[in-house]
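In what follows, a single structure is set out as structure tokens and then discussed.
The values are calculated or read from the model by the stated rules, or taken from the named source; none is laboratory data. From a predicted model like this one, the values you see are computed outputs, not experimental measurements. Cβ placement follows ideal geometry from the backbone for every residue including glycine, while neighbour counts extend to all protein chains displayed.
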Amino acid sequence: MILVTGANGQIGSVLTKTLRGIYGDAQVLATDIRKPETLEGSFEFLDILDKKRLYEVISQYKVTQIYHLAAILSATGELRPKFAWQINMDGLFNVLEAAKELNISKIFAPSSIAVFGNETPRQNTPQHTILHPTSVYGISKAALENWCQYYTKKYNIDIRSLRFPGIISHQSDPGGGTTDYAVDIFHYAVKGQDYECFLRADTRLPMIYMPDAIRATMELMHAPQENISIRTSYNLASMSFTPEEIYSAIQKNIPDFKISYKPDFRQAIADSWTESIDDTFAKNDWGWKSEFNIEDMTLDMIENLKKKNKLKVDHEELGV
Ligand code: AKB
């Protein structure tokens, strides 16, 4: 049985569906502190800080693998530093200790481009580089990477990780991240509303479209053990763009769309991250290759959000 923590989140909801498609509904248990909108497969309420409950669920469902996605993102982390540290670190420790004590053989625990900081090379950021993150979230992810490597080497648990760029998706919304603007902007554009961006027009950040992020996760998790040379977390690259560039890409399809800029505290977080990523290790070790560029992603996002909005309106008209 595979356990997913944070299964209701941006990545969790899409990944849970993918895992169920691969392994079957009966083999994937979704857990979260919030109930999913549509309850399709097995679900248990689980606060990742509740170690006793985590152990109970693992034993009850005979869990052998964990996809540990429950975490607080960068912007919320700056507003609630202690809380973010507690969820991101104690939550991770509960999972790692459970793996050690209850014979979990494999774990996926994502990291982020937030591990980079002002001293990190900004272009084509190498795999092995200076990690002096400035955000609480970034500090917690840098610690996660080292703890994952430690538990892999010391306790022989097969733990794998990716440094996710900002993830863009139509199926699920992010929450509390610095790269969330790149999802919000599509929702406004498709609804015919103007968008006020909380980052400067020229803030270039690494991003990835959800189908690529999910495929990267599955390719990493299915790669032979002997190919995995990075036990902290793999650099992962797809596309990089600025708010102005994504605005232009959307405007080509929705000509009336307007953007304005009002940078807030999230600008400092974004400025401390890097602009583009060197993912040679992911390419060489498990054959990573991204598929979506900014144009493909923009078309797909707009098409899917339009369908979603139409379905919502149809349901409202039918009163369902
Ligand atoms: C965030 O913005 O906090 C996340 C991330 C880059 O990890 N999307």
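General remarks:
- Residue among Pro211, Pro174 that is modelled with pLDDT under 95 and under 27 Å from Lys283 (Cβ atoms): Pro174
- Counting only residues that are within 14 Å of the ligand (Cβ to nearest atom) and assigned to a loop (DSSP other than H, G, I, E, B), the stretch 132-149 holds 3 of them.
- Within the set Thr178, Thr125, the sole residue that is in contact with a strand residue (DSSP E or B) (Cβ under 8 Å, 6 or more places away or on another chain) and closer than 18 Å to Ala70 by Cα turns out to be Thr178.
- Number of residues in the stretch 177-208 that are more than 16 Å from the ligand (Cβ to nearest atom) and either acidic (Asp, Glu) or modelled with pLDDT under 95 (or both) equals 3.
- Pair list, Cβ under 8 Å, 6 or more apart: the stretch 1-27 residue without any contact (Cβ under 8 Å) to a residue 40 or more places away in the chain, other residue part of a strand (DSSP E or B) and of a type in the set (D, E, K, R): Asn8/Asp32
- Selected residue [touching a strand residue (DSSP E or B) at 6+ places or on another chain (Cβ under 6 Å) and either assigned by TED's automatic domain parsing to the domain that holds Asp184 or in contact (Cβ under 8 Å) with a residue 40 or more places away in the chain (or both)] from Phe257, Phe241, Phe292: Phe292
- Being hydrophobic (A, V, I, L, M, F, W, C), away from the ligand (no atom under 16 Å from the Cβ) and in contact with a Ser or Thr (Cβ under 8 Å, 6 or more places away or on another chain) is a property that Ile159 has.
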